[in-house]
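The structure appears below as structure tokens.
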Amino acid sequence: MKKILVLISGRGSNLAALLEAVDKNEIAGRIVHVISNRADAGGLNFARERGIPTTIIPSKDFNDREAFDMALGDAIAKEQPDLIVLAGFMRILGEKINARFAGKIINIHPALLPSYPGLHTHRRALDDGVKWHGCTVHFVTLKVDIGPIIGQAVVPVLPDDDEGALAARVLESEHRLLVDCVRWFCEDRLTVRDNKVILHDEVGSACAQQHPQG
Ligand code: GAR
């Protein structure tokens, strides 16, 4: 069983999706700790309800990023997790913390990377008139929102969509994609070669992502 640590900053619906999948034994891992950089992150309650330890490291109390990263890294290291999931964690991690947990940190981003890195992804997609949008789960590297892509889920952009409607459709796909990607990681089915992630099937052959969502 892999030890999973989840970092959040807010609502925590992706954390909730992971917790439900773990409850249903869909993932060969357990969530051992949830850390937030905000005391008011609603998602902390999903962990508390299950008796999972939570830690708050308020980023606003730190003058510089390195000091915050050091405190966060020390809190993470205590659990010795196999996997660290950034599930709506709205802080950029610096060089040292990335190096400390290299290959173990994954992030969910609400857009089809490399399109729309950064913030306000749904508004920007609507402004551009794209017909398809979605989300990406990737390994975290030093460059923000760039890193080997584990999986992507695609949703249509509908004529009457506003930012809220599109965000809700993408969020639903995020929950499924994140569970799939964490499951693959926990089953040791991911390898990274030349900056690309290879997904292996049960007998070890490379395979396509099995459930692209529409
Ligand atoms: C999600 O849409 C996630 O993709 C996004 O924040 C939201 C968190 O929702 N993450 C980022 O924008 C990271 N750059 P949640 O708290 O309900 O999981």
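The values are calculated or read from the model by the stated rules, or taken from the named source; none is laboratory data. Quick caveat: nothing in here was measured; it's all calculated off a predicted structure. Virtual Cβ from ideal backbone geometry, glycine too; neighbours counted across all protein chains shown.
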Long-range neighbours under 6 Å by Cβ, at least six apart or interchain, first residue closer than 13 Å to Leu5 by Cβ within the range 93-112, second part of a loop (DSSP other than H, G, I, E, B) and within 12 Å of the ligand (Cβ to nearest atom): Ile105/Val140
Out of the residues in the range 164-214 that are small (Gly, Ala, Ser) and in a helix (DSSP H, G or I), state the one that is surrounded by the most Cβ atoms within 10 Å (Cβ to Cβ). Ser173
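Residue-wise test of (1) hydroxyl-bearing (Ser, Thr, Tyr); (2) under 20 Å from Leu177 (Cα atoms); (3) in contact with a Leu (Cβ under 7 Å, 6 or more places away or on another chain).
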{"position": "Ile4", "(1), (2), (3)": "no, yes, yes"}
{"position": "Gly10", "(1), (2), (3)": "no, yes, no"}
{"position": "Leu19", "(1), (2), (3)": "no, yes, no"}
{"position": "Asn25", "(1), (2), (3)": "no, yes, no"}
{"position": "Ser36", "(1), (2), (3)": "yes, no, yes"}
{"position": "Ala41", "(1), (2), (3)": "no, no, no"}
{"position": "Gly51", "(1), (2), (3)": "no, no, no"}
{"position": "Thr55", "(1), (2), (3)": "yes, no, no"}
{"position": "Phe62", "(1), (2), (3)": "no, no, no"}
Scope the range 4-51; condition in a helix (DSSP H, G or I), near the ligand (Cβ under 10 Å from one of its atoms), in contact with a strand residue (DSSP E or B) (Cβ under 9 Å, 6 or more places away or on another chain) and aliphatic (A, V, I, L, M); matching residues: Leu15, Leu18
So in the range 53-92, with the set limited to residues that are assigned to a loop (DSSP other than H, G, I, E, B) and within 16 Å of the ligand (Cβ to nearest atom), which one is farthest from Gly12 (Cα to Cα)? Ile92
Can you tell me which residues in the range 132-162 are modelled with pLDDT of 95 or more and part of a loop (DSSP other than H, G, I, E, B)? Val140, Gly147, Pro148, Val157, Leu158, Pro159, Asp160, Asp161, Asp162
